[in-house]
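The values are calculated or read from the model by the stated rules, or taken from the named source; none is laboratory data. The model shown is predicted, which means the values in this text are computed figures rather than measured ones. Heads up, the Cβs are rebuilt from the backbone with ideal geometry, glycines too, and the neighbour counts pull from every protein chain shown. These accessible areas exclude ligands, DNA and RNA; they are computed on the full protein's heavy atoms, side chains included. Shrake-Rupley method; radii C 1.70, N 1.55, O 1.52, S 1.80 Å.
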Amino acid sequence: MTIDRRDFLKGGIGAAAAAVLPVPLAHAVAPVAPTLITGRMSALLPRSQATRVVVCGGGWGGLTAAKYLKQEAPTLDVVLLERNPIFFSCPMSNKWLVDLLDTSFLTHDYLTPAARHGYRFIQTEIMGIERDRKRVATSHGYLDYDYLILSPGIRNNYGAWFGDDLDAAYHTRIHFPSAYIPSAEHLTLKQKIKSFKGGTLVMTLPPPPHRCPPSPYERACLLAWYFKRNKVPARIVILDPKDGIRPIGPGFKAAFDELYPDIITHVPNARVESMDPYAKRIKTTAGEWEFEDAILMVPHQAGELVWMADLIARGEDGRPLGWADVDPLQLVARNDPDVYVVGDAVGVVSPLFQHYPKSGHVANRLARIVAKSIAARAVGREPDPGLPDNLCFMWVKGDPQEAIAVEFEYSMEADLIVQKQIDLNDRSPDLVARDFEWVGGMYQDLFG
Ligand SMILES: Cc1cc2nc3c(=O)[nH]c(=O)nc-3n(C[C@H](O)[C@H](O)[C@H](O)COP(=O)(O)OP(=O)(O)OC[C@H]3O[C@@H](n4cnc5c(N)ncnc54)[C@H](O)[C@@H]3O)c2cc1C
């Protein structure tokens, strides 16, 4: 059964209509064609007297930051820059891939929340960040800032597999997209799932840290459910570089063993050693596979904007570690007091557990902390540090709908952030209901 947002908002999960709305996502999320950066680029907006905060990236972190900045300090001039014309939610997208949710459930318009909360939304490609001039270059002109917030999400590091072989990277992205970044890849993957005739479908998991750690296992469960229901003779092989399933390991293992024993094979310690996307062959530390089709997730890194801003943390040998170098409590860049990073792009926050889970929930919480900090600084007050929390519901079955979940709490011990993880391994319909409550609250917070 397909559920659309109107039915959902009416509270009628059970009464949901079946039609999938034909939103032209491939067009909707295509990046704006970039123009060349030239010295004669003109200003995107006139400069006002107000302190200006430019928020780069209108995903879960950026949308939250823009709204809360205006709420905390209405006199700030807040500008949100985003390349996509509509918001497409990665959270809940696994359910959408197998028709359990409608496209309209995941998509939202950008202009209504901007008008409601008084920030400016500009659809444009960000092409450069000149921190020395406190200026952002976009495909439509430049923008000066007093404070800058980067929430660019992740980028796929194809170089880790293919080095400089751009053809292999392109072939992989086009034929075996992971759909882990809001883009046309989601529609391509959905069509591939629908037309899959059977055989081995390989899923490679990225090494940690990566976006939404439990979501690849959820995707495997929901694909298995979909194939089973439609009598597609599929075998899903999860190639996992970790030594076990994490988080919610027992819950996912029970789902694999009890619900999909003939479909899902989970292979631990399977780090990709080489990949031939043309011959559909993959070699890992746990063996070699040939596949009919695949969802190939390469390692994740902080989104491009953090690299453009030269804010990537480096190891002792000077090599980039892939994620933003920020103060863990204030989220401010270590080498620039006027630039903040929120969301998935944030780097190590504690030696005890390294990274916060890269989730929409955490992005929302970190953005609120940063909005409060900037609002305080704008009126000369000391900013307060802050800690997030996290909550993720993962569906393992489509009919009847059942989910498992994981919660994270954070506290300070001495000077270190401590993480407490609670896995909810028993699958139940109650957790599906709580997932709808969670996402309804989040959408309300981002767009309401
Ligand atoms: C399948 C799946 C399931 C998930 N499930 C959950 C879940 O259940 N719960 C949960 O909390 N999280 C979930 N997540 C994770 C969640 O989607 C991310 O953690 C969240 O989106 C991070 O927010 P962000 O602001 O850091 O990045 P994003 O939300 O990705 O936002 C980044 C934005 O920056 C824009 N951008 C980047 N570069 C540029 C540029 N140069 N110019 C203009 N714009 C730019 C992008 O277009 C994008 O809109 C899931 C993710 C996936 C893939």
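The figures follow:
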{"item": "Meets criteria (over 26 Å from E82 (Cβ atoms) and within 23 Å of the chain's Cα centre (by Cα)) for V232", "result": "no"}
{"item": "Residue that is farthest from the ligand (Cβ to nearest atom), among those in the range 57-75 that are over 15 Å from the mean Cα position of the chain (by Cα) and open to solvent by less than 10 Å² (accessible area, probe 1.4 Å)", "result": "L69"}
{"item": "Top-ranked residue of the range 172-206 - restricted to ones that are of a type in the set (A, V, I, L, M, F, W, C), over 17 Å from P277 (Cα atoms) and open to solvent by 10 Å² or more (accessible area, probe 1.4 Å), ranked as nearest to the chain's Cα centre (by Cα)", "result": "I181"}
{"item": "The lone exception for G251 - which of (1) touching a residue at least 40 places away in the same chain (Cβ under 8 Å); (2) more than 28 Å from E273 (Cβ to Cβ); (3) more than 16 Å from the ligand (Cβ to nearest atom) it fails", "result": "(3)"}
{"item": "Filter result (surrounded by 11 or more Cβ atoms within 10 Å (Cβ to Cβ) and away from the ligand (no atom under 15 Å from the Cβ)) within the range 382-397", "result": "P383, D384, P385, G386, L387, K397"}
{"item": "For E437: the one exception among (1) closer than 27 Å to T112 by Cβ; (2) outside the structural domain of W225 (by TED's automatic domain parsing); (3) open to solvent by 10 Å² or more (accessible area, probe 1.4 Å)", "result": "(2)"}
{"item": "Subset of the range 306-326 [touching a residue at least 60 places away in the same chain (Cβ under 8 Å), aliphatic (A, V, I, L, M) and open to solvent by 20 Å² or more (accessible area, probe 1.4 Å)]", "result": "M308"}
{"item": "Qualifying residues in the range 366-376 (those that are surrounded by fewer than 23 Cβ atoms within 10 Å (Cβ to Cβ) and of a type outside the set (A, V, I, L, M, F, W, C)) - the one nearest to A50 (Cα to Cα)", "result": "K372"}
{"item": "Hits in the range 39-78 - residues which are outside any loop (DSSP other than H, G, I, E, B) and among the small types (G, A, S)", "result": "A43, G61, G62, A65, A66"}
{"item": "Qualifying residue in the range 411-434 (condition: under 27 Å from A324 (Cβ atoms) and in contact with a Lys or Arg (Cβ under 8 Å, 6 or more places away or on another chain))", "result": "yes"}
{"item": "Test set (1) without any contact (Cβ under 8 Å) to a residue 24 or more places away in the chain; (2) more than 24 Å from Q330 (Cβ to Cβ) - D415 fails condition number", "result": "(2)"}
{"item": "Residue satisfying all of: in the range 127-168; within 11 Å of the ligand (Cβ to nearest atom) and touching a Pro at 6+ places or on another chain (Cβ under 7 Å); most open to solvent (accessible area, probe 1.4 Å) among these", "result": "M127"}
{"item": "Of all residues in the range 216-237 being open to solvent by 10 Å² or more (accessible area, probe 1.4 Å) and touching a residue at least 40 places away in the same chain (Cβ under 8 Å), the one that is farthest from P152 (Cα to Cα)", "result": "R229"}
{"item": "Options V406, V379, V332; residue that is within 25 Å of L148 (Cβ to Cβ), surrounded by 18 or more Cβ atoms within 10 Å (Cβ to Cβ) and of a type in the set (A, V, I, L, M)", "result": "V332"}
{"item": "Helices (runs of 4 or more DSSP H) (entirely within the range 82-125) containing at least 1 residues that are within 10 Å of the ligand (Cβ to nearest atom) and open to solvent by less than 40 Å² (accessible area, probe 1.4 Å)", "result": "93-97"}
{"item": "Residue match in the range 207-214 (condition: under 28 Å from H266 (Cα atoms), surrounded by fewer than 17 Cβ atoms within 10 Å (Cβ to Cβ) and within 20 Å of the chain's Cα centre (by Cα))", "result": "yes"}
{"item": "Matching residues, the range 248-271, being in a strand (DSSP E or B) and open to solvent by 30 Å² or more (accessible area, probe 1.4 Å)", "result": "T265, H266"}
